Every structure is written in structure tokens, then in C-alpha cells.
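Below is one structure, written out as C-alpha cells, with a few remarks after it.
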Amino acid sequence: MIEMLVDVKETLRCGAERTERALERLIPAESQVPASIHRAMRHSVFAGGKRLRPVLCIEAARMIARTPHPPEGVEELAAALEVLHTYSLIHDDLPALDNDDLRRGKPTCHVAFGEAIAILAGDALQTQAYEVLANLRIPAASVVEIVRLIAQATGTVEGMIGGQVLDLEAEHRKPTAEMVDAIHRAKTGALIRVSLVTGAIYGRATQDDVRRLTEFGRKAGLAFQIVDDVLDMTEDSAHLGKTAGKDLASDKATWPAVFGIERSVADANRLITEAFSILEPYGDHADTLKAVAQYLIERKN
């Protein structure tokens, strides 16, 4: 890993606070009728977390814009990405899928509010995200491209939902390298990748910028998920903020299941080093984005 002379914790704190303020504005209040679904939406959205995807989005926009501060309004794009991520977690935790009772150290949405409201809360967060995206204050062509890319990244062809289906179908089957790579790049990697790319587009990226951020996101997103697989096998629930050991108990297709823990850690390190090399054309402007990516992949506290 590469040492960075960047105050990462301060960057994360500022990015998370910027995102929290946007989420507070954009998610209906608990008192808004029908109150039950808005309580469920807020329970999951404000359950905590480092706001990985929003911070990567904001820092990609800052890097491309080459400004000391993020472009005005990018926090609304970042918030929409976090809302989409949260909707996916609500559905992922349901009994029909991963059947998890704990998320970010708190009861999952269906445990707190029942399955019916949890399903509807996830649906509502998805529609809310696209309303936010439609109102971004950037040129219309950029809005359309951002919406297209996010819809693709959350869809069925090499997107988040497709990755979830592949993950379900892989249970109780002997995992292969090709299978695990396809699942990780779609289920987790696609939303990380599109967070970086749409942030870049918000910052007025060129086609070369988009190509670089796409490849950076592919490698960083896969590294993130490999580390997540390793932690599921080596950490306890209190540390993770979610139920540990679920992958092994469910016979999930994971990187360590194919390659072992030592090789998995080495692969994650190699991927992030390769990802950093892609950002060399941006010089010092890329330092903060690199530092944030490294920090989040290593899961430092």
C-alpha cells in the first residue's frame, strides 16, 4: 500500500457531513404521511456507515474539477448514490435473500418494521434517488448520462441486481474464479465504479477521464469486495457492524473460498496499486481520492 500525506479522516468527515445534510433535505420527514414508511426509510438511511460511495463520488468530482472544494451541488448526486445503496441493503437483508438481523450495528429494516414495510421502503428509496438525480443542477445532457449509467450499474446486465442473482445461484455450488469475479464486479463493484464515474461527469469529465475512472473503479471496487470477504471470515459481528460468518455459513462464492485468505489479501493489494497507477495523469489532484480509497479498502477506524 502507498502512504498518503492526506488527512483522510477529515476528508471522510467532511464528505459524510455534506452527504448527511443533503440526505436530511431529500428524505421525507418521519412525520410526513404515510409516517410508517418514512420512519423505515430514515431508520436505514441514517443507521450510520462511512458513506463510502458518496465520498468517492465527491472526491472524483473534486479531482476532475481541479478545485480545492467539491463542485457546488455534487452532494445531491452523492446522496442519491447512498440512497440507492441503502435500498439494496434493505432488500439484501430480507429473509428471502440473506436473512440478516443486523446492519451497521442496528436491527435491519425488516426486523424493525416488518417485511412488507421494508420491501416498500427499499422501493421508495430507489424512486426517491431518481427524483433527486433528475433535479441535479448541471447540463441536461450530463444529467441524462448520469441517470443512464446509474440505471445500468444497478440493473441486471453486469449490474448490482444481476450480481445479486448470480450470488444467489452460486450458493451451495463449488465456486470458481470466473464465478466470483463476475459476482463481485456486478454486485458490489458496479455501484462503486459508477459513484466514481458519475462524480467525474459532474466535475465536467472528458471521455478520457471517464475511461480512466471506469477502470480505476473496476479495480478499487473488486479490491473492496475481496477485503470484505476476508473480514467476514476473520472478524466478529461487533467489529463489522453486521453478522459475521454469513458467507461461510451460506456457502457463498467468495474470493477466499477460491484462493484462500493469504492470496486474497495479496490480490487486494495488487488491485489497489494498479488502480492508483491509472490516476497518475492527475498528479497531486488525485492524492485525496487515492488516500480515501486506500483507507476505505483497508477498513481503518
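The values are calculated or read from the model by the stated rules, or taken from the named source; none is laboratory data. Computed from a predicted structure; not experimentally measured. Positions of Cβ are generated from backbone atoms using ideal geometry, with glycine treated the same way; all protein chains shown enter the neighbour counts. Surface accessibility is based on the protein's heavy atoms, side chains included, excluding ligands, DNA and RNA. Shrake-Rupley method; radii C 1.70, N 1.55, O 1.52, S 1.80 Å.
Residues in the stretch 191-240 that are in contact with a Pro (Cβ under 7 Å, 6 or more places away or on another chain) and within 29 Å of residue 103 (Cβ to Cβ) were compared, and the one that is most open to solvent (accessible area, probe 1.4 Å) is 233. Looking across the stretch 17-50, the residues that are in a loop (DSSP other than H, G, I, E, B), exposed (fewer than 15 other Cβ atoms within 10 Å of the Cβ) and not β-branched (Val, Ile, Thr) come down to 29, 30, 31, 32, 34, 48.
Output yes when any residue across the stretch 201-211 is small (Gly, Ala, Ser) and at pLDDT 95 or above, and no when none is. Scanning the stretch 201-211, I find at least one residue that is small (Gly, Ala, Ser) and at pLDDT 95 or above, so the answer is yes.
Scanning the stretch 57-89 for residues that are hydrophobic (A, V, I, L, M, F, W, C) and open to solvent by 10 Å² or more (accessible area, probe 1.4 Å) yields 64, 65, 89. Could you tell me whether the stretch 177-193 includes any residue that is closer than 18 Å to residue 288 by Cα and among the polar types (S, T, N, Q)? Looking for residues that are closer than 18 Å to residue 288 by Cα and among the polar types (S, T, N, Q), one finds none in the stretch 177-193, hence no. Just to be sure before I move on: is residue 151 closer than 26 Å to residue 99 by Cα and at pLDDT 95 or above in the structure I sent? Taking the combined requirement at face value, the residue satisfies it.
Every listed requirement among (1) under 26 Å from residue 136 (Cβ atoms); (2) modelled with pLDDT under 95; (3) open to solvent by 90 Å² or more (accessible area, probe 1.4 Å) is met by residue 5 save one, (1).
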